[in-house]
Amino acid sequence: MIRIPATKMTKNIVQILLAEGFLKSVTEHRENKKDFLDIRLKYFGRKKEPYITEIKSISKPGLKVYYDGKNIPKILGGMGIAILSTSCGLLTDREARQQKIGGEILCNVW
C-alpha cells in the first residue's frame, strides 16, 4: 500500500490509473486535518510483477512539453499511457487523440 497526499491533481491522476487498470483500489482518508490517498497496486503472475513498471515525468517546471491533438505520441505502441493536462481536464493520450485535443504531457506510465 502506498500513501500519498490527496490534492486535486493526485486524485485525478489516480482515478485515471484506476480506470486504466493499473491500480487495484484507492481509498481516501483524513489524518490530522490532512487528506491522504491509500493506493493498492495491481500485480500479475506467479512472481507478483506490478502492472506499473515505470512512471516517467515528462513536463517539468523549467521545460513544459506540449502536443497538439494530431501529434500525441503512442507509449510503447499503445501498451502504456500518457497523461495530458488539457482544457477539458486530465485525459489519457487515447482520449485526447479521439477528441482531437492537445495539451501538456505530464507523465508516461507503462
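The values are calculated or read from the model by the stated rules, or taken from the named source; none is laboratory data. Everything numeric here is computed off the predicted structure, so don't read it as measured data. Cβ: placed from backbone, ideal geometry, glycine included. Neighbour counts: every protein chain shown. These accessible areas exclude ligands, DNA and RNA; they are computed on the full protein's heavy atoms, side chains included. Shrake-Rupley method; radii C 1.70, N 1.55, O 1.52, S 1.80 Å.
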Q: Select from the stretch 70-87 the residues that are of a type in the set (A, V, I, L, M, F, W, C), outside any strand (DSSP E or B) and open to solvent by less than 60 Å² (accessible area, probe 1.4 Å) and list them in ascending order.
A: ILE72, ILE75
Q: Hand me the list of strands (runs of 3 or more DSSP E) wholly inside the stretch 1-69 holding 3 or more residues that are touching a residue at least 40 places away in the same chain (Cβ under 8 Å) and among the charged types (D, E, K, R).
A: none
Q: Among the numbered conditions (1) open to solvent by less than 70 Å² (accessible area, probe 1.4 Å); (2) modelled with pLDDT of 95 or more, tell me where GLY45 comes up short.
A: (2)
